[in-house]
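First up is the structure itself, then whatever we jot down about it.
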Amino acid sequence: MADFSHAFARRTRLRGGEELAAILAGSPPGVLSMTGGFPNPATFPTDELDAIAARLLRDDAAVAMQYTPVAGLPGVRAYLLDRVEATQGRRPDAGELMVTSGGMECIALLCAALVDPGDAVVVEAPSYLGALMAFAGAEAEVVPVDMDDDGLVVEALAERLDAGLRPKFVYTIPEYQNPTGRTLPLARRHAFVELCRRHGVLVFEDVAYRELAWGGDPPPTLWSLAPDVVVQAGTFSKSFFPGVRLGWAVGPADVVAELVAAKGNTDQCAGGLGQRLLEEYGRAGGFERHLPAARELYASHWAALAGALAAQMPEGVTWTEPAGGFLTWMTLPDGLDSTALRADAIAAGVAYVPGAPFFVDGGGARTLRLSFSHLAGPDLAIAAERLGGVVRGALDRVPQHTSGG
Ligand SMILES: Cc1ncc(COP(=O)(O)O)c(C=O)c1O
């Protein structure tokens, strides 16, 4: 068979996507999987969309089935301006918003528009694997900045910027972060954008999980606090459905214009049918009708998992307490390695994502990510019990623990 590997671009050899592939591949039968951050299909508004899709195909095919302007259909953009204003308390100007083919595409567009090989890009440590891979693929120098329980440590970023680091942007997921579930409090948000404004550094805010808040309203978006220095990527994957591949970008008009130009070199427009579905669903109040049930579902899953973890995990294991989204982040006691334990976990019938790949500079060996979006409460309880058994078994094999220390 012919071998075309000589033709593969250099970037294909950059830090690989095995971890993401493993997440997307799913788990063997019988294994309770807490890996993928996928929305629960019970939240998909199929009945309403059935009627809207039939109507669009009958009455609006010339628009819905046609190519659209690169920045999105005018009516859809107008709807998104209204929606951003309603949900974030600030209305973008028309030139400050575009439709994207999802959050991940927005990350790719930012790379295409802003990142030359060797440019620095700051990320939270840990951060979303898809973004880390995109930045590596763009040949960026990816610079991690520490987080604590309240998200990005702004003083740590300040130290780097004061020392002369000049990143093209700082990528942040301010609420229900992937992978940690953490949320940046208001005071830090102010300090963060003020710092970046002072240094002339762009903030790239990813609000993927923001609409799935169950523990009270999240603080204002970074973009709403500082629209002059923040580009925001939003997605409808978690609040509508990921099969539609739709999101938005808002930010300074000159940056958005570059993102639109970059999109002209890739898919040229998000699908018209999905854009019109979203507009009709949104204008008819679909989000207001359906999001409360989605939030309740994920809140109930978290309550089940949190209770089961508290009952099942041995002393010394800690985890974050998300107030929205799909994810919690666990830290195992000293001496344990979540990557090494993965095979034991799968053999015991439970799957998680080891934490190390979410860090760019090594580290995170004791951490792991659990998603509670999919499994129902009783299965989450069994999954926690299995995980507790695996961790206890591993602790028994750590010398200081078996010696009673
Ligand atoms: C933080 C974050 N950003 C972006 C995305 C990708 O979103 P989309 O499906 O819109 O490409 C995800 C998906 O899991 C995510 O967790």
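In region 11-115, counting only helices (runs of 4 or more DSSP H) that sit wholly within it, the ones holding 3 or more residues that are touching a strand residue (DSSP E or B) at 6+ places or on another chain (Cβ under 9 Å) and buried (at least 21 other Cβ atoms within 10 Å of the Cβ) span 74-88, 103-114.
Among the residues of region 226-241 satisfying the criterion of being within 14 Å of Phe169 (Cα to Cα) and either away from the ligand (no atom under 16 Å from the Cβ) or of a type in the set (Val, Ile, Thr) (or both), which is farthest from the chain's Cα centre (by Cα)? Steps first, answer last, please.
Taking region 226-241 first, the residues within 14 Å of Phe169 (Cα to Cα) are 228-233.
Next, from what is left, pick out any that are either away from the ligand (no atom under 16 Å from the Cβ) or of a type in the set (Val, Ile, Thr) (or both): 228-231.
Working: Asp228: 23, Val229: 21, Val230: 17, Val231: 15 Å.
Among them, the one singled out is Asp228.
For region 216-225, indicate whether the set of residues that are among the charged types (D, E, K, R), open to solvent by 20 Å² or more (accessible area, probe 1.4 Å), away from the ligand (no atom under 11 Å from the Cβ) and farther than 18 Å from Asp82 by Cα is non-empty. For region 216-225, residues among the charged types (D, E, K, R), open to solvent by 20 Å² or more (accessible area, probe 1.4 Å), away from the ligand (no atom under 11 Å from the Cβ) and farther than 18 Å from Asp82 by Cα: present.
Between Leu56, Leu81, the distinction of being without any contact (Cβ under 8 Å) to a residue 60 or more places away in the chain and under 20 Å from Phe236 (Cα atoms) belongs to Leu81 only.
Close Cβ contacts (under 6 Å, 6 or more residues apart or on different chains) running from residues in region 125-142 that are open to solvent by 20 Å² or more (accessible area, probe 1.4 Å) to residues that are outside any helix (DSSP H, G or I) and within 11 Å of the ligand (Cβ to nearest atom) comprise Tyr128/Asn178. Within region 375-387, being touching a strand residue (DSSP E or B) at 6+ places or on another chain (Cβ under 7 Å) and either open to solvent by 20 Å² or more (accessible area, probe 1.4 Å) or at pLDDT below 95 (or both) holds for Leu375, Asp379, Ile382, Arg386.
If you go through region 231-276 one residue at a time, how many are free of Cβ contacts under 8 Å to residues at least 40 places away in the same chain and either open to solvent by 20 Å² or more (accessible area, probe 1.4 Å) or out of contact with any Asp or Glu (no Cβ under 7 Å at 6 or more places or on another chain) (or both)?
Taking region 231-276 as the starting set, the residues that turn out to be free of Cβ contacts under 8 Å to residues at least 40 places away in the same chain are 232, 243-244, 254, 274.
Within this subset, residues satisfying the condition of being either open to solvent by 20 Å² or more (accessible area, probe 1.4 Å) or out of contact with any Asp or Glu (no Cβ under 7 Å at 6 or more places or on another chain) (or both) are 243-244, 254, 274.
Matching residues across region 231-276 total 4.
Are there any pairs with C-beta distances below 7 angstrom linking a residue in region 172-190 that is in contact (Cβ under 8 Å) with a residue 24 or more places away in the chain to a residue that is assigned to a helix (DSSP H, G or I), with the two at least 6 apart or on different chains, and if so which? Between residues of region 172-190 that are in contact (Cβ under 8 Å) with a residue 24 or more places away in the chain and residues that are assigned to a helix (DSSP H, G or I), the close pairs are Pro174/Arg189; Pro174/Leu222; Pro179/Phe358; Arg188/Val154; Arg189/Leu222; Arg189/Leu225; His190/Leu225. One residue stands out in region 118-163 among those that are small (Gly, Ala, Ser) and not in a helix (DSSP H, G or I): the one that is nearest to Glu105 (Cα to Cα), namely Ala138.
Is there a residue being under 22 Å from Arg295 (Cα atoms) and either assigned to a strand (DSSP E or B) or at pLDDT 95 or above (or both) anywhere in region 341-361? No, region 341-361 contains no residue that is under 22 Å from Arg295 (Cα atoms) and either assigned to a strand (DSSP E or B) or at pLDDT 95 or above (or both). Of all residues in region 316-340, how many are over 23 Å from Gln400 (Cα atoms) and assigned to a loop (DSSP other than H, G, I, E, B)? The total comes to 6.
The values are calculated or read from the model by the stated rules, or taken from the named source; none is laboratory data. If you're wondering where the values come from, they're calculated on a predicted model, not measured in any experiment. So basically every Cβ, Gly included, is an ideal-geometry build from the backbone, and we count neighbours across all protein chains shown. Please note that ligands, DNA and RNA were not included when accessible areas were found on the heavy atoms of the full protein model with its side chains. Shrake-Rupley method; radii C 1.70, N 1.55, O 1.52, S 1.80 Å.
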